[in-house]
Structure formats: structure tokens, C-alpha cells
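To keep things clear, I will list the structure first and then write my remarks on it.
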Amino acid sequence: MRYWSSALALVFCLLPSPLCARHLVVGLGIPQEHGLWPKLQSFMTQLALKTEKDLVIELKSTPYPRIQEQVSKGEMDGDVGRLQEVYEGNAGVVRVDEVASTLRLFFIFHKDRVMTDLSAIRRFKTLAARESFFHRRACKELQLDCEFVGPGSSTMDMLRLKRVGAVMTTQFQLVEHMRLAGNPSLFRVGEKAWYMEPAYLFLAKKNADLAPGIAAALRELKQDGTYKKVFGMDP
């Protein structure tokens, strides 16, 4: 019986079959309702096909701290678009050595007080995420008067009441900030990205064999214009 089961499995895997696909579940810290989600899943599908014929990459919406913990323990296969420092010195994780995206920093303003230059923004307090080293570095480099706060609707309430001049956000956090705003029409997002850092795809150590292939596939998808076609911008 065991012989026939093994033989049957071999026949299935010699043919295109989902039973034989290598399936990776990678964490993403934004909700599925986020406008970026379908673009990311589409790109991940193309990245998987370019890497290996039978590779499947599935996104899973998970809070950032849980992603980091689960990838480190090998309970999740990977992490999409994180800064190098997040897994610095972590022996349980492997970095894909091709920049996956760029983390961009924007400001949200009250519609009656939109500012277009740093000298104006520096005159007021800026709210930034307490847990984000990216925000802390940006505040220091841009010489801003930042107050570091936790997540929640109070951030946008302070901006609505004009108690602060701006709220610092990334392209990923932006939708959540506006969702919590209550009345999004009161706010405007600045057009310029004031600060940027590269982000990488990280894999649990058990998937380390895929890292070189994913890096090569990612590089090719950027060079042939697929990345820009999916996301509407360069990496």
C-alpha cells in the first residue's frame, strides 16, 4: 500500500498539481481592505512564478509584532517589506538580498494648515509612531519637534483640533490613519515623500534555499517594468 501511495504521489508531482506546490505564507501588517493589498498579492504571485514553477506565495494580514515573532520561530514563512534593523542579528531569519520596496514618509495636515516646506513644519509639533525606529530617525534627520504616541484615533483628533501641525505616516499606515480620522475631508496628505529607507523581504531560515532565486526574480521584475506596472511607481 505504501509503495502504491508513493507511486501515486510521484505521478501527481510529475504533472502540474497544487498538491505538489511549495506554499509560503508571508505576513503583511496591513488589513486586506487596504488598497495596496491586491497589488501586493498580484506581485507576489508573479514573483513566485518567476522564482520557481511550483512556488506559491500567499499574503496573510497579521500585526507586525506577531509577524516578527512567528517568522523568527519558523511558524510563518516570511515577512514582506521590513527594514533591515527589524531582524538584525536574528539567526532564525534570512534576508532576500534585493530591495523589495522603499518605505516613504509623508505628512498629514489639517486642510486649513497645509505646509509644503520643512521650515513651516518645524514650527509645530509633529506626531510620530512610538514603536517606529524609522519615525525616530526621520524626526532626527529632518530636525522636527516630534511627539511619539501609540496607535489610535486620538492622533487624528489632535490634528483635527490643530493641537499639532502634522501627523507622520508611511504609505502603508496612511489608509489606517484616514480610516480613524472620522471625517477624512478635514485632512490633506502632503504630496512629497520627505524621508525614505529601503525595505526587504525576509524568510524564515527553513526557506533559506529560496532566497537567491527570489532575489534574482525580484531584480528581473523591477528591470522589466513589471514592478512599476503593478504599483504605478518605481521600487
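Quick grid of which residues meet (1) over 24 Å from F202 (Cβ atoms); (2) open to solvent by less than 30 Å² (accessible area, probe 1.4 Å); (3) touching a residue at least 40 places away in the same chain (Cβ under 8 Å); (4) not β-branched (V, I, T):
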position: R113; (1), (2), (3), (4): yes, no, yes, yes
position: L142; (1), (2), (3), (4): yes, yes, yes, yes
position: D157; (1), (2), (3), (4): yes, no, no, yes
position: A166; (1), (2), (3), (4): yes, yes, yes, yes
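Considering only residues that are under 26 Å from the mean Cα position of the chain (by Cα) and not basic (K, R), which ones fall in region 122-139? If the condition is that a residue be under 26 Å from the mean Cα position of the chain (by Cα) and not basic (K, R), then T126, L127, A128, A129, E131, S132, F133, F134, H135, A138, C139 are the ones that fit.
Looking at the structure I just gave you, is C146 at pLDDT 95 or above, open to solvent by 20 Å² or more (accessible area, probe 1.4 Å), out of contact with any Phe, Trp or Tyr (no Cβ under 6 Å at 6 or more places or on another chain) and not aliphatic (A, V, I, L, M)? For C146, the condition - at pLDDT 95 or above, open to solvent by 20 Å² or more (accessible area, probe 1.4 Å), out of contact with any Phe, Trp or Tyr (no Cβ under 6 Å at 6 or more places or on another chain) and not aliphatic (A, V, I, L, M) - is met.
Screening region 121-133 for residues that are in contact (Cβ under 8 Å) with a residue 24 or more places away in the chain and closer than 20 Å to F109 by Cβ and picking the one that is most open to solvent (accessible area, probe 1.4 Å) gives R123.
The values are calculated or read from the model by the stated rules, or taken from the named source; none is laboratory data. All values reported here derive from a predicted model rather than from experimental measurement. Positions of Cβ are backbone-derived with ideal geometry, glycine not excepted, and every protein chain shown enters the neighbour counts. In case anyone asks, the SASA skips ligands and DNA or RNA and just uses the protein heavy atoms, side chains included. Shrake-Rupley method; radii C 1.70, N 1.55, O 1.52, S 1.80 Å.
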